[in-house]
Amino acid sequence: MVEIAPPGVESDLHRERGDPDGNKKSRNKGVLGMEEFMGKVERKLEGGEEVVTAGMGNKVVSKWYGVYGEMYEKAER
């Protein structure tokens, strides 16, 4: 099983937000463009990674594994 943990990705979703363009690269430097995100995901999937993320998601996933990784690995066995 592969888990994809998406970071902020530029899209036209969430139009009801106070700033519907807050997830655009022009307004949020941490956001990845869709093609940029998919390119990173594709490379990681082809490389056999089981947990896939990109951009700021790398830091979030790393923190998660730092806190819960050992418990997760024990439960997985």
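As an exercise, take the mean of 1/r over every pair of distinct alpha carbons in the chain, invert it, and state the Kirkwood radius in angstroms. One decimal place: 13.9 Å for the Kirkwood radius. Against the longest principal axis of the chain, how steep is helix 34-46, in degrees 0 to 90 to the nearest 10, with axes from Cα atoms? Helix 34-46 sits roughly 20 degrees off the main axis of the chain.
Among the GluC sites (Glu not before Pro) found in the chain, those both in a DSSP coil and sparsely packed, with 15 or fewer other Cβ atoms within 10 Å of their Cβ, are Glu16, Glu49, Glu50. Toward the positive end of the charge dipole of segment 4-70, with +1 on the Cβ of Lys and Arg and -1 on the Cβ of Asp and Glu, the farthest Cα among Met34, Asn23, Gly47 is that of Asn23. Residues of segment 30-64 with amide nitrogen under 12 Å from the 7 Å Cα-to-Cβ point of His14? Counting backbone N atoms under 12 Å from the label point, the list is 30-32. Within a straight-line Cα-Cα reach of under 25 Å, Lys74 can be paired with the following lysines, leaving aside sequence neighbours fewer than 8 residues apart in one chain: Lys44, Lys59, Lys63.
Restricting segment 10-62 to trypsin sites (Lys or Arg not before Pro) that sit in a DSSP loop and have at most 16 other Cβ atoms within 10 Å of their own Cβ leaves Arg15, Arg17, Lys24, Lys25, Arg27, Lys29. By how many degrees, between 0 and 90 and to the nearest 10, does the Cα long axis of helix 57-76 differ from the longest principal axis of the chain? Helix 57-76 sits at roughly 30 degrees to that axis.
Values in this text are rule-based calculations from the coordinates and carry no lab data. These figures come from a predicted structure and were not determined experimentally. Methodologically, a virtual Cβ is constructed for each residue, glycine included, from the backbone with ideal geometry; neighbour enumeration extends over all protein chains shown.
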